Ligand code: SF4
């Protein structure tokens, strides 16, 4: 699991993001949040944090909820098979 030290460099923390709704239920709000994130220097860390912590709600790393759901599913699936491999190695 990633730590949250990247947040010290987050654009949404170090610049004014008061007009951005990262948890909007509306297309325009989400679009604006995605756009805002595009030049954040820790965008990738933010996305990985949300995936690895299974955060489904809101815009993280400039990625919408729906897109991230697929990424989280994929992450959990690959993590499961990695753990199975480790377990098989330990037990053989
Ligand atoms: S990618 Fe977006 S939500 Fe994530 S830290 Fe950067 S500005 Fe904030």
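Values in this text are rule-based calculations from the coordinates and carry no lab data. Please read all numbers here as calculations on a predicted model, not as lab measurements. Here the Cβ positions follow ideal geometry from the backbone for every residue, glycine too, while neighbour counts run over all protein chains shown.
Is it true that residue 51 is surrounded by 15 or more Cβ atoms within 10 Å (Cβ to Cβ), more than 8 Å from the chain's Cα centre (by Cα) and within 20 Å of residue 2 (Cα to Cα)?
no
I'd like the residue in the stretch 10-44 that is part of a helix (DSSP H, G or I) and within 8 Å of the ligand (Cβ to nearest atom) and, out of all such residues, is surrounded by the most Cβ atoms within 10 Å (Cβ to Cβ).
37
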